[in-house]
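For reference, the structure discussed in these notes is given below.
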Amino acid sequence: MAAGDTGVKICSDALILLGAEAISSFNDGTDRSNTCDRLYPGVKDMALMMYPWSFAYKKVQLARLVTTPNTEWTYEYQLPGDRLGNPRAVYTTSQPYARVFKEWEIQGDKLLTNEKTIYIDYPYSTPEFAMPQYFVQLLRYAMAWHLAYPITEQQDKTVYWQGVAVGAPSENGRGGFFRQAMLMDSQGNPPAVIEDFSLVDVRY
């Protein structure tokens, strides 16, 4: 894990890659820190949502609410406040290798279903200290990409760092260092971790 890394340090490293001065905090009074403060949370969460990273999800039992949905479903459950997007998978048991359950629907911050017990795997806004070094490096490149024009006003630097982070547009965000990070993350993880990452079963 990336002990000692923080959002400020990641942004500072990205600024150095751009030939700019580092920042001491997100509110040190400089235009650089203000820009980093505005951009970093969104860039971080989008990077976490772009792939089912092995370190960036939790498994929890959802709390069934006393209220009932005004739909065809019988029960509603409160989704976690730190989630990013919809669950990766839903289960009716906490047993290992349980069958993925598909009869559910998301409405706002609630999960609706007819089952009395629900567990979910879900991506969450992972703190920097819990991120592996390859993901921290990806964030450095991603921040250099997003900071390039606001800091340097040079479009060619934006294009360059986008390529370093996620590759050319033709690679659909799966090239550059992102591809290497995916490969490093997949080492030691069974294919089912990726196969279960599907949102097509969510009803809207």
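Since every read-out is calculated from the coordinates, none of them should be taken as a lab result. Treat the numbers as computed from the prediction; the structure is a model and nothing was measured. Cβ placement follows ideal geometry from the backbone for every residue including glycine, while neighbour counts extend to all protein chains displayed.
Specify the residue with the greatest mean-square fluctuation among A98, A20, A168, computed from a Gaussian network of the chain linking alpha-carbon atoms under 10 Å apart.
Ranking A98, A20, A168 by mean-square fluctuation puts A98 first.
Would you mind classifying the range 57-125 by shape? Square roots of the alpha carbon gyration tensor eigenvalues, ordered a ≥ b ≥ c; an a/c under 1.5 is rounded, otherwise it is prolate if a/b is larger than b/c and oblate if not. Could you put the intermediate results ahead of the total?
On the way: a/c = 1.84, a/b = 1.24, b/c = 1.49.
Judged from the Cα gyration tensor, the range 57-125 comes out oblate (a/c at least 1.5, b/c at or above a/b).
Considering only DSSP states other than H, G, I, E and B, which trypsin sites (Lys or Arg not before Pro) in the range 1-85 qualify as loop sites with at most 10 other Cβ atoms within 10 Å?
Details: sites: K9, R32, R38, K44, K58, K59, R64, R83; in loops: none.
Here no trypsin sites (Lys or Arg not before Pro) fit, given the DSSP loop and packing criteria.
What are the ³J(HN,Hα) couplings of the range 92-102, residue after residue, when phi is run through the Karplus curve with 6.51, -1.76, 1.60 and θ = phi - 60°? Round to Hz, x for glycine and proline.
In residue order, the calculated couplings are 10, 8, 9, 5, x, 6, 5, 5, 5, 9, 10 Hz.
Amide H neighbours of T92 under 5 Å, counting only residues 5+ apart in sequence or on other chains, H built in-plane at 1.01 Å?
Under 5 Å from the amide H of T92: F101, Y119.
Using a cut-off of 13 Å between alpha-carbon atoms, which aspartates and glutamates can reach K9, once sequence neighbours fewer than 8 places away in the same chain are excluded?
K9 reaches E21, D37, E128.
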